[in-house]
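Can you keep this structure in mind? I'll have questions shortly.
Laboratory data are not the source of any read-out in this text; all were calculated from the coordinates shown. A quick note: this is a predicted structure, and the numbers were derived from the prediction, not measured. For neighbour counting, all protein chains shown are included, and Cβ atoms are generated from backbone atoms with ideal geometry for every residue, glycine included.
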Amino acid sequence: MNPELRRYAWLEMGLHRRIAAPAVLLLVFALFASGGDDGSWRERLYGPASVLTFVILFLWGTHLTAESVAEEVRERTWDLQRLSALGPGEMTVGKLLGAPMFAWYAGGMCLATMAFAAAALPGRVSVGWTVLATIAGAVFVHATALAASLQAVHRESRASRRLGVALLLLPVLLLMWVGPFIDRGGTAKALSWFGMRFERLPFFAVSMVAFAGWAVFGAYRSFCRELQVRTRPWAWPAFSLWVAAWAAGLAPPDIGFARAFTVTGLLACLVATYVALFTDPTTAMKVRRVATAWARGDRRRALEELPLWPTSLAPAFAFALAAPFAFAGVREWLDLPDWKAIGDFATRAPLALAFAAARDGAILVFFASAAKPRRVEGATILYLALLWWVIPGLLAVAGLASVAQFVNPFLTGSGTTAAVVMGAQAALAIGLAASRWRGNYGRPAPR
Amino acid sequence: MRALSGVSFELNRGTVTALVGPNGAGKTTLLRCLAGLDAPLEGAIEVAGIDVLESPREAHRKLGYLSDFFGVYEALTVAQCLAHAAAMQGAAPGRVAESVRRTALRLGLSDRLGQAAGTLSRGLRQRLAIGQALIHGPELLLLDEPAAGLDPEARHALAALFRALQDEGMTLVVSSHILAELDEYSTHMLVIRGGEVVEHRALEGGAGPGERRLRLRLAAPRADLVATLGALPGVRVVEAGDREAVIALAGDEAAQSALLATLLASGLPVAEFAAERENLHDSYLRTVRPGEERA
């Protein structure tokens with residue numbers, strides 16, 4: 001048996017809890033089944049069972065999983081875990097299934113009750129697909145919480161706690177997504193994916209399984225980093241491309257896959273870049289590890305040490321450069337009067353967006369390269385807000401709109417201008433970050 | 001600024017190395033790098049033939065590490081803590097119970113196996129943490145301030161444990177500020193200062209490989225003491241006066257016994273003749289003092 005699973009079984013599955021959980025749930029369900037006069041007793045269980053499944057499995061289970069690593073750090077047992085001979089795969093399974101073990105035990109009973117009740121609601125939901133979507137959704141949020149918790153393990157404890165709270169919102173968003181599928185009649189509605197017709201609920205359930213698989217793989221890769229197991233940085237951009245391909249499949253077929261994939265690819269890679277920028281710590285020492293490995297010709301090691309955000313920024317640039325070609329025939333389906341200006345913006349703005357992400361990454365490296373870096377992410381967010389909104393807004397209010405366009409060139413409406421100005425800003429930010437890093441960390445170490 | 005720079009050394013199997021240096025010297029960083037918990041910017045670390053940086057998980061089967069700020073799973077019993085540690089290090093399921101029994105016996109925790117770890121005293125928690133670090137029988141045991149917070153009796157027991165582990169062939173690296181405690185069991189001294197290794201040597205002082213360092217004291221002065229000792233085969237005079245001498249003898253205890261017989265036969269009034277271990281405290285101060293003077 002996986003040692004971590006066994007440890008959680010010792011901690012979470014004592015005899016008292018094993019007996020108390022079903023007893024309490026039985027009482028709650030008996031209360032709901034006996035009260036009210038709408039539908040049969042079995043139908044009346046559906047609502048409370050759904051809510052309890054959500055609360056126990058999604059909210060509480062996610063909280064337990066997110067806290068599992070933070071608690072190890074707090075209790076100073078994290079080094080003991082990192083010193084084990086278990087591989088990242090075993091650790092992922094142990095933590096992912098172990099930490100929310102009791103939530104699965106109690107939530108599983110609620111889910112079974114929900115399925116039992118749903119079977120009495122003819123034509124409303126497909127029980128099998130709903131159960132699959134719920135289980136996959138729970139695995140998805142648990143694994144995401146575990147990965148995020150591992151990413152935050154070296155951050156200040158307050159930030160970790162905030163992250164945990166933020167992650168608790170994720171299941172809520174998920175439910176908002178799930179809701180329409182069920183309330184609209186589930187299997188009755190269909191959608192098109194790459195021109196193929198799928199019923200909504202099965203499509204959602206299978207998609208959730210795939211997303212859960214990626215989330216588990218993400219947790220595995222986060223464990224690899226914590227356990228000093230070296231990996232090459234293909235997973236993050238691969239996930240971004242998968243999301244882009246999945247989303248492109250939902251686009252109207254007459255747009256064409258290439259165009260849809262260019263747009264979703266650019267957006268997915270940009271979002272992935274910003275997510276990585278603020279979750280995967282980019283430190284001056286990390287930059288130094290990359291630079292040192294690169295300088296001695298060890299390209300593999302340099303790639304292994306690379307922070308995540310450049311790995312999704314690179315394909316973002318590829319999509320941005322491909323955009324003019326993908327949108328070359330855009331007039332055929334985009335029937336707008338002022339095509340030149342919009343076409344120019346549509347083909348050049350992607351490059352400006354990619355430059356903007358590069359600039360913002362360089363700003364973070366600039367703050368991370370301080371002699372005594374503190375609150376790097378916070379300072380970066382402040383300066384990004386200044387550059388994107390505050391300064392341009394103040395300049396515009398002061399009647400200096402032409403100057404504001406040099407700060408936020410997207411205000412010009414010209415894609416070419418935006419690309420040129422944002423490219424210059426990116427070059428300046430990279431130059432400043434490189435200069436500061438060299439000054440504080442780039443000196444040869446004494447021998 | 002680097003925590004460690006240009007650090008390079010080898011540890012012989014079955015030695016106990018005292019890792020000493022001032023606060024902030026890089027001792028903990030060095031131990032964490034050796035344990036594969038932190039990766040150095042450059043360089044290589046090998047433990048029992050395994051590259052720690054390339055294969056940290058394999059290396060962990062060969063080493064144990066006790067952090068200076070360790071924790072134990074407080075809600076688990078002592079037996080569960082030890083069983084969990086053994087399983088985490090890849091012990092076969094059928095051997096876990098025996099490993100727990102043997103480790104508990106060695107650490108004096110046999111009568112505490114059913115007690116929750118969170119209810120143990122500081123000294124017992126320390127013992128449990130050490131038990132977790134060595135339950136899988138590592139070849140290299142790294143200990144960062146293992147005796148911090150222990151009472152004298154517990155420290156003495158710890159020293160006895162380290163000597164027993166050394167006798168079994170285990171290699172130990174022990175970091176501590178309490179040099180007198182290290183003196184009880186260390187065979188080597190690794191001095192680190194400012195992230196650099198200042199000195200790494202055996203604690204036999206003037207004795208070389210295969211030699212024993214011996215102190216001889218006479219009941220009355222003899223002017224020919226140095227000449228007499230110098231003429232003996234296998235004897236090298238390290239320092240000598242007319243009444244006392246420190247010599248390095250090539251050979252084992254039998255050679256030492258034979259030398260004593262020779263000295264008595266030659267008419268020297270031997271009052272004391274014993275193996276001498278170098279005082280770690282003095283050695284450390286001798287090593288760092290030139291640096292302090294430079295500073």
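To make sure I understand, if each residue's beta carbon is the centre and we count other beta carbons within 10 Å, what order do A:437, A:389 fall in, fewest to most? Each step should come with its number before you reach the end.
On the way: A:437 19, A:389 12.
Lowest to highest Cβ neighbour count: A:389, A:437.
Counting only pairs 8 or more residues apart or on different chains, how many lysine pairs in the protein assembly as shown have their Cα atoms under 26 Å apart? Don't skip to the answer; put the middle values down first.
Numbers: A:95/B:62; A:286/A:372; A:286/B:27; A:372/B:27; B:27/B:62.
Lysine pairs, 8 or more places apart or on different chains, close enough: 5.
Same structure, new question: Pop the C-beta distance of residue A:325 and residue A:121 into the FRET formula with R0 = 41 Å and round what comes out to the nearest 0.05. Walk me through the intermediate numbers first.
On the way: r = 51 Å, r/R0 = 1.24.
The computed FRET efficiency comes out at 0.20.
Quick one: the Cα spread of the range B:211-275 along its three principal axes, in angstroms, biggest first?
Per principal axis, max minus min of the Cα coordinates gives 28, 21, 19 Å.
Is the protein assembly as shown rounded, prolate or oblate when judged by the Cα gyration tensor, a ≥ b ≥ c being the square roots of its eigenvalues, rounded requiring a/c under 1.5 and prolate requiring a/b larger than b/c?
Details: a/c = 3.35, a/b = 1.68, b/c = 1.99.
It comes out oblate by the Cα gyration axes.
Hey, got the dipole for chain A? About the Cα centre, +1 on K and R Cβ, -1 on D and E Cβ, debye to the nearest 20?
So the magnitude is around 1580 debye.
For chain B, what's the relative contact order in percent, using C-alpha pairs closer than 8 Å and at least 6 residues apart? Walk me through the numbers on the way to the answer.
On the way: 492 pairs, mean separation 62.5, N = 295.
Rounded, it is 21 percent for chain B.
Working out 0.36 nm times the residue gap between residue A:402 and residue A:193, then minus their Cα-Cα distance, what length gain in nm do you get to one decimal? Write out the running numbers ahead of the final one.
Working: separation 209, 0.36 × 209 = 75.24 nm, distance 4.41 nm.
Difference between extended and current length: 70.8 nm.
I need the fraction of alpha carbon pairs in the range B:115-173 separated by more than 14 Å, rounded to a whole percent. Kindly include the intermediate steps, with their values, before the conclusion.
Details: 964 of 1711 pairs.
Result: 56 percent of Cα pairs exceed 14 Å.
With the calculation restricted to Cα positions, what are the radius of gyration and Dmax of the range B:49-203 in angstrom?
Rg and Dmax of the range B:49-203, Cα atoms, are 15.7, 47 Å.
For the range A:242-288, would you read off the P(r) tail past 12 Å as a percentage of all alpha carbon pairs? Could the numbers behind the result be given before it?
Values: 695 of 1081 pairs.
I get 64 percent for the Cα pairs in the range A:242-288 exceeding 12 Å.
Here is a follow-up. What net charge do the residues around residue A:77 carry, taking every other residue with its C-beta under 11 Å from that of residue A:77, with Lys and Arg at +1 and Asp and Glu at -1?
Working: positive: A:7, A:74, A:76, A:82; negative: A:71, A:72, A:75, A:79, B:74.
Here the count lands on -1.
Can I ask one more? Output the antiparallel fraction of DSSP beta bridges having both residues in the range B:16-202, as a percent to the nearest 5.
Numbers: 9 of 26 bridges.
If I count the DSSP bridges inside the range B:16-202, around 35 percent turn out antiparallel.
Residues with amide H under 5 Å of residue B:65's amide H, sequence separation 5 or more or different chain, H placed in the peptide plane at 1.01 Å from N; which?
B:142
Can you grab the distance from the C-alpha centre of the range B:165-191 to the C-alpha centre of the range A:84-143, Å, no decimals?
Taking the Cα centre of the range A:84-143 as reference, the centre of the range B:165-191 is 51 Å away.
Would you order B:177, A:63, A:142 from fewest to most other beta-carbon atoms within 10 Å of each residue's own beta-carbon?
Working: B:177 14, A:63 19, A:142 31.
The order, fewest Cβ neighbours first, is B:177, A:63, A:142.
Right, another one. Top mean-square fluctuation among A:320, A:23, A:99, Gaussian network model of chain A, C-alpha springs under 10 Å?
Highest fluctuation among the options: A:23.
If amide H atoms are built 1.01 Å from N in the plane of the peptide, which residues on other chains or at least 5 residues away come under 5 Å of the amide H of residue B:52?
Residues meeting the amide H criterion: B:45, B:46, B:47.
Now a separate question. Filter chain A for me: DSSP H helices, axial length by Cα at least 20 angstrom, mean Kyte-Doolittle hydropathy not below -1.0. List them by residue number.
On the way: long enough: A:15-34 (29 Å, 1.60); A:101-118 (25 Å, 1.37); A:127-151 (36 Å, 1.47); A:157-183 (40 Å, 1.20); A:200-226 (38 Å, 0.76); A:235-249 (21 Å, 1.07); A:257-279 (31 Å, 1.68); A:309-326 (25 Å, 1.19); A:339-368 (43 Å, 1.00); A:415-441 (37 Å, 0.55).
Helix filter hits for chain A: A:15-34, A:101-118, A:127-151, A:157-183, A:200-226, A:235-249, A:257-279, A:309-326, A:339-368, A:415-441.
Mind telling me which of A:314, A:145, A:295 comes out most flexible in a GNM of chain A, alpha-carbon contacts under 10 Å?
A:295
Another question, if that's okay. Relative contact order of the range B:211-275, please, whole-number percent, based on alpha carbon pairs below 8 angstrom and at least 6 residues apart. Provide the component values of the computation, followed by the final result.
Numbers: 108 pairs, mean separation 29.6, N = 65.
Taking the mean separation of contacting Cα pairs over the length of the range B:211-275, I get 45 percent.
For chain A, with a Gaussian network of springs between Cα atoms less than 10 Å apart, report the residue from A:297, A:61, A:431 with the top mean-square fluctuation.
Judging by the Gaussian network model, the answer is A:297.
Next up: If we count other beta carbons within 10 Å of each Cβ, what is the order of B:27, B:62, A:372, fewest first? Intermediate results must be reported in sequence, preceding the final value.
Working: B:27 27, B:62 18, A:372 5.
In increasing order of surrounding Cβ atoms, one gets A:372, B:62, B:27.
On to the next question. Taking the Cα centre of the range B:65-222 as origin, sum charge times position over the Cβ atoms of Lys and Arg (+1) and Asp and Glu (-1), and report the length of that vector in debye to the nearest 20.
On the way: 17 positive and 18 negative charges, 92 e Å.
It comes to approximately 440 debye.
Then there's this: Just grab the label-to-label distance for residue A:285 and residue A:271, each label 7 Å out from Cα along the Cβ direction, in nm (one decimal).
3.4 nm
On a full-extension model of 0.36 nm per residue, what is the gain between residue B:38 and residue B:260, subtracting their alpha-carbon distance, rounded to one decimal in nm?
Numbers: separation 222, 0.36 × 222 = 79.92 nm, distance 5.10 nm.
Full extension from residue B:38 to residue B:260 adds 74.8 nm.
Work out the FRET efficiency for residue B:177 and residue A:18 from their Cβ-Cβ distance, taking R0 = 51 Å, and round it to the nearest 0.05. Display every interim value, and only then the final one.
Numbers: r = 48 Å, r/R0 = 0.94.
Efficiency for this residue pair is about 0.60.
Around residue A:283, which amide H atoms from residues at least 5 apart in sequence, or from another chain, sit under 5 Å from its own amide H, with H modelled in the peptide plane?
Long-range HN contacts for residue A:283: none found.
What helices does chain B hold that run 27 Å or longer along their axis, going by alpha-carbon atoms, with a Kyte-Doolittle average of 1.0 or more, using DSSP H for the helix calls?
In chain B, no H run is both long and hydrophobic enough.
Here is a further query. Have a look at B:50, B:238, B:198 and report the one farthest towards the positive end of the charge dipole of chain B, computed about the Cα centre with Cβ charges (Lys/Arg +1, Asp/Glu -1).
The Cα lying farthest towards the positive end belongs to B:50.
While we're looking at this one, here's another question. Report the antiparallel proportion of the DSSP beta bridges in the protein assembly as shown as a percent, rounded to a multiple of 5.
On the way: 30 of 47 bridges.
Roughly 65 percent of the beta bridges in the protein assembly as shown run antiparallel, per DSSP.
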